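Report on the following structure.
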Amino acid sequence: MSDELTAVAHFLYEAGTLKNTKRSGWWMAGVKDPESVADHSWRTALIATIIAKLEGADPARAAFLAVWHDSQETRTGDVNHLGKKYTAGDADPEAITADQVAGMPAVLADAVKELVAEYEAKESAEAQCARDADKLECMIQGIEYRAQGYANAQRWIDNSRGRIVTKSGRALADTVLETGSLDWLRAALGENKS
């Protein structure tokens, strides 16, 4: 096996740790078993495709950015906003990514570094859609946690909604706020909304 493919294999195992890395901010809302970073990234990628399509951006590219947006948390863990206040310095996602992909085939390493740089630059339409998807996913998760009895999740709902910048993202967020977390099930079963 080549050293380059061994580096890829190492990263694939590393990426799997995100399935067990909990989103730590939810603990402050009292959530005992919060979603994982991988859970969050999956729905963020779906949302990114939707916002991008509505915005006239490239949905595949937006989803691609969203899939990789928290990949650095294999090295840092999920540091919530309060924790970032006390870290010795913000961990640079681009530097972490460069370490993660070191030794991989150049075509792959360069592509991943480019994705992370684009997301962090916040300039392309696709990056803006992916970033809005990140916020909208957090907002939706907060609504779901609030429905489970975690009233303190309201702070995450409000803060996430306030950070969404695209027209389509804001409109979708407002619609989500007017929709119950189980309305989809009632609709699928043909039940009336009560």
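The values are calculated or read from the model by the stated rules, or taken from the named source; none is laboratory data. Fair warning: this is a prediction, and the values are worked out from it, not measured in the lab. All Cβ positions, even for glycine, are placed from backbone atoms using ideal geometry, and neighbour counts span all protein chains on display. Accessible surface areas use protein heavy atoms only, side chains included; no ligands, DNA or RNA. Shrake-Rupley method; radii C 1.70, N 1.55, O 1.52, S 1.80 Å.
Within the range 160-169, if we keep just the residues that are in contact (Cβ under 8 Å) with a residue 12 or more places away in the chain and part of a helix (DSSP H, G or I), the residue that is most open to solvent (accessible area, probe 1.4 Å) turns out to be Lys167. Flag not set for Ala48, criterion: open to solvent by less than 70 Å² (accessible area, probe 1.4 Å), at pLDDT below 95, in contact with a helix residue (DSSP H, G or I) (Cβ under 7 Å, 6 or more places away or on another chain) and not basic (Lys, Arg).
In the set (1) under 21 Å from Ile164 (Cβ atoms); (2) open to solvent by less than 40 Å² (accessible area, probe 1.4 Å), the condition left unmet by Gln100 is number (1).
Any residue at all in the range 75-90 that is buried (at least 21 other Cβ atoms within 10 Å of the Cβ) and either hydroxyl-bearing (Ser, Thr, Tyr) or outside any loop (DSSP other than H, G, I, E, B) (or both)?
No, the range 75-90 has no match at all.
Taking the range 170-194 as the range and being surrounded by 12 or more Cβ atoms within 10 Å (Cβ to Cβ), part of a loop (DSSP other than H, G, I, E, B) and in contact with a Lys or Arg (Cβ under 8 Å, 6 or more places away or on another chain) as the test, only Gly180 passes. A Cβ distance below 7 Å, combined with a sequence gap of six or more or placement on separate chains, defines the contacts here; from the range 61-85, residues that are within 11 Å of Leu115 (Cβ to Cβ) and among the β-branched types (Val, Ile, Thr) reach residues that are assigned to a helix (DSSP H, G or I) and open to solvent by less than 30 Å² (accessible area, probe 1.4 Å) in the pairs Val67/Ser41; Val67/Ala45.
Which one of these is within 30 Å of Ala106 (Cα to Cα) and touching a helix residue (DSSP H, G or I) at 6+ places or on another chain (Cβ under 6 Å): Glu14, Glu55?
Only one candidate passes the filter, namely Glu14.
The set of residues in the range 51-74 that are assigned to a loop (DSSP other than H, G, I, E, B), touching an Asp or Glu at 6+ places or on another chain (Cβ under 7 Å) and open to solvent by 30 Å² or more (accessible area, probe 1.4 Å) contains only Asp58.
Taking the criterion of being open to solvent by 60 Å² or more (accessible area, probe 1.4 Å) and not acidic (Asp, Glu), the residues of the range 107-134 that qualify are Val107, Leu108, Lys113, Lys122, Gln128.
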